[in-house]
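First comes the structure, then the notes that go with it.
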Amino acid sequence: MRWRGRRRSTNVEDRRGAPAPKLLGGGIGTIVIVLVALYFGVDPRPLLQMVDSGTATSTGSRPTAEELADDPLADMVHVVLADTEDVWTEIFAEQGRGYEAPGLVLFTGATQSACGLGQAAMGPFYCPADRKAYIDLSFYERMRRQFKAPGDFAQAYVIAHEIGHHVQNLLGISGKVHRLRQQVGSAEANALSVRLELQADCLAGVWAIRADRASSILEAGDIEEALNAASAIGDDTLQRRSRGTVVPESFTHGTSEQRQRWFRKGLGSGDPDTCDTFGVDQV
């Protein structure tokens, strides 16, 4: 991906050198974890296990001032966020709307958000309450080593997916889905989460092709990197790796095939209107 030497977003908040917040034991801290996890379709049990064992407050060492000052990975995040700002500002203008750019928070281990305590173990997430995306950059190392999904464009896809959730929030889609999930059973709620996540994948594809048209960001192999990442974090692949079996009714993000297919759909059209995962019978 061609990102070096290009415009950097000013909407990145770097908290990586800040002290890690502490969990509040089994009280409100536990409640916040459960609520945030359920909102984002994340299984809260691994997080609760970390609370019980006292390991949820920190993952990895905190970067030094020198490391923060010279970090190509953080530089890439700034540039990708800037690209999303440019693309979605243009798309919203085409639709007669104004785009409100989100913030993006870099953190290490844990950090507070308006949605509660964010943990590295949750992976990157978007908080609609403060309109910010959150990412511990160690997730990219986890992608490379655990998920076998390396590459800077795979990393960019992750950011674009979270900004896709911001777009959904601005359009009122996230709030509507959240309300619907509260009115149905767990299987139906999970199915709604899958559609929301697949739409974010499609919107990431829209970003990719529009950014490439504007700035020629794509290099050979980039699309394959993103598709590999989408496959590696499909629900079926993750469940098969972690438990040896697949439970479709528990899916919250979609299968590997679905995530790849919806990313390709956005990539092929460059049109967010093609990303209506709620208007089709089968995703």
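The values are calculated or read from the model by the stated rules, or taken from the named source; none is laboratory data. Keep in mind it's a predicted model, so treat the numbers as computed, not measured. Neighbour counts are summed over all protein chains in view; Cβ atoms, including those assigned to glycine, are modelled from backbone coordinates with ideal geometry.
Of the conditions (1) assigned to a helix (DSSP H, G or I); (2) farther than 19 Å from residue 124 by Cβ, residue 218 clears all except one; give me its number.
Of (1) assigned to a helix (DSSP H, G or I); (2) farther than 19 Å from residue 124 by Cβ, only one is false for residue 218: (1).
Considering only region 176-190, state which residues are of a type outside the set (S, T, N, Q) and touching a residue at least 12 places away in the same chain (Cβ under 8 Å). Explain how you work it out, then say what you get.
Of the residues in region 176-190, the ones of a type outside the set (S, T, N, Q) are 176-181, 184-185, 187-189.
Once the filter is applied, which keeps residues that are of a type outside the set (S, T, N, Q) and touching a residue at least 12 places away in the same chain (Cβ under 8 Å), region 176-190 yields 177, 178, 180, 181, 187.
Does residue 134 satisfy the criteria of being out of contact with any Gly (no Cβ under 8 Å at 6 or more places or on another chain), of a type in the set (Phe, Trp, Tyr) and buried (at least 24 other Cβ atoms within 10 Å of the Cβ)? Before the answer, list the steps.
On the way: out of contact with any Gly (no Cβ under 8 Å at 6 or more places or on another chain): no; of a type in the set (Phe, Trp, Tyr): yes; buried (at least 24 other Cβ atoms within 10 Å of the Cβ): yes.
Taking the combined requirement at face value, the residue does not satisfy it.
Would it be correct to say that residue 146 is crowded, with 20+ Cβ neighbours inside 10 Å, polar (S, T, N, Q) and within 20 Å of residue 235 (Cα to Cα)? Before you say what the answer is, go through the steps one by one.
Values: crowded, with 20+ Cβ neighbours inside 10 Å: no; polar (S, T, N, Q): yes; within 20 Å of residue 235 (Cα to Cα): yes.
In short, no.
Please pick out the residue among 236, 201 that is in contact with a Lys or Arg (Cβ under 6 Å, 6 or more places away or on another chain) and assigned to a helix (DSSP H, G or I). Quick ask: steps written out before the conclusion?
Numbers: 236 fails: in contact with a Lys or Arg (Cβ under 6 Å, 6 or more places away or on another chain).
Answer to the check: 201.
Only one of these conditions is not met by residue 280: (1) over 21 Å from residue 79 (Cβ atoms); (2) touching a helix residue (DSSP H, G or I) at 6+ places or on another chain (Cβ under 6 Å); (3) surrounded by fewer than 19 Cβ atoms within 10 Å (Cβ to Cβ). Which number is it?
Status for residue 280: all satisfied but (2).
Could you list all residues from region 145-172 that are charged (D, E, K, R) and on the phi < 0 side of the Ramachandran plot? It would help to see each step written out before you state the result.
So the first thing to find is which residues in region 145-172 are charged (D, E, K, R), and the list is 145, 148, 152, 162.
145, 152, 162 - these are the residues of region 145-172 that are charged (D, E, K, R) and on the phi < 0 side of the Ramachandran plot.
Could you look through region 209-263, keep only residues that are of a type in the set (S, T, N, Q) and more than 17 Å from residue 282 (Cα to Cα), and pick out the one that is surrounded by the fewest Cβ atoms within 10 Å (Cβ to Cβ)? Give the derivation first.
So in region 209-263, the residues of a type in the set (S, T, N, Q) come out as 215-216, 228, 231, 237, 239, 242, 245, 250, 252, 255-256, 258, 260.
Checking which are more than 17 Å from residue 282 (Cα to Cα) leaves us with 215-216, 228, 231, 237, 239, 242, 245.
Values: 215: 17, 216: 9, 228: 22, 231: 19, 237: 18, 239: 17, 242: 9, 245: 7.
So, considering only residues that are of a type in the set (S, T, N, Q) and more than 17 Å from residue 282 (Cα to Cα), the one surrounded by the fewest Cβ atoms within 10 Å (Cβ to Cβ) is 245.
Looking only at strands (runs of 3 or more DSSP E) that fall completely inside region 74-187, which ones have 3 or more residues that are modelled with pLDDT of 95 or more?
Numbers: elements: 103-106, 110-113, 116-119, 125-127, 132-135.
Hits in region 74-187: 103-106, 110-113, 125-127, 132-135.
How about region 241-264: which of its residues are in contact with a Cys (Cβ under 8 Å, 6 or more places away or on another chain) and under 19 Å from residue 191 (Cβ atoms)? Don't jump to the end; show me each part of the working.
Pass one, region 241-264, residues in contact with a Cys (Cβ under 8 Å, 6 or more places away or on another chain): 262-263.
262, the sole residue that qualifies.
Can you find a residue in region 153-170 that is farther than 23 Å from residue 234 by Cβ, among the hydrophobic types (A, V, I, L, M, F, W, C) and in contact (Cβ under 8 Å) with a residue 60 or more places away in the chain?
Within region 153-170, one or more residues are farther than 23 Å from residue 234 by Cβ, among the hydrophobic types (A, V, I, L, M, F, W, C) and in contact (Cβ under 8 Å) with a residue 60 or more places away in the chain.
I'm trying to understand the selection: among the residues of region 142-178, which are over 27 Å from residue 189 (Cα atoms), of a type in the set (S, T, N, Q) and under 15 Å from the mean Cα position of the chain (by Cα)?
Listed by number, the list holds a single entry, 155.
Any residue in region 120-149 that's over 17 Å from residue 160 (Cα atoms): show its pairings with residues that are polar (S, T, N, Q) and not in a strand (DSSP E or B) at Cβ separation under 8 Å, as long as the two are six or more apart or on different chains.
Close Cβ pairs (under 8 Å, with a partner that is polar (S, T, N, Q) and not in a strand (DSSP E or B)) amount to 120/59; 120/108; 120/138; 121/59; 138/59; 138/108; 148/228.
Within region 237-254, can one find any residue that is of a type in the set (Gly, Ala, Ser), in contact with a Gly (Cβ under 7 Å, 6 or more places away or on another chain) and on the phi < 0 side of the Ramachandran plot?
The first filter runs over region 237-254 and keeps only residues of a type in the set (Gly, Ala, Ser), leaving 242, 244, 250, 254.
Next, from what is left, pick out any that are in contact with a Gly (Cβ under 7 Å, 6 or more places away or on another chain): 254.
From what's left, on the phi < 0 side of the Ramachandran plot: none.
Checked region 237-254: no residue is of a type in the set (Gly, Ala, Ser), in contact with a Gly (Cβ under 7 Å, 6 or more places away or on another chain) and on the phi < 0 side of the Ramachandran plot.
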